[in-house]
Amino acid sequence: MSKNEDVLNMLTEEDKAKYEIAQELGLLDKVRANGWKSLTAKESGKIGGIIASRKSKKERNKNSEKVVDK
């Protein structure tokens, strides 16, 4: 296992989502080079907003599955 794989295995699900979204937005190189502090408020907010949106969607899907199961 490589060092990067070891680090990814130690991350929480939310941290994994942050990295995934940063990659989708083309910000991962910036984060790797200079850390999360190098992101602008707009970039950080975009990542946070996408995380919140995905969590909300996941919860709605989970709740709709409960209704269908009843």
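The values are calculated or read from the model by the stated rules, or taken from the named source; none is laboratory data. What you see is a predicted model, and the numbers here were worked out from it, not measured in a lab. Backbone-built Cβ (ideal geometry, glycine too); neighbour counts: all protein chains shown.
Residue pairs whose Cβ atoms lie under 7 Å apart, separated by 6 or more positions or on different chains, with the first residue in the stretch 52-70 and assigned to a helix (DSSP H, G or I) and the second polar (S, T, N, Q) and modelled with pLDDT of 70 or more, do not occur.
Could you say whether any residue in the stretch 1-23 is surrounded by 10 or more Cβ atoms within 10 Å (Cβ to Cβ), at pLDDT below 95 and not in a helix (DSSP H, G or I)? Checked against the condition, which is being surrounded by 10 or more Cβ atoms within 10 Å (Cβ to Cβ), at pLDDT below 95 and not in a helix (DSSP H, G or I), the stretch 1-23 yields at least one hit. No other residue among SER56, SER38 is small (Gly, Ala, Ser) and modelled with pLDDT under 95 apart from SER56.
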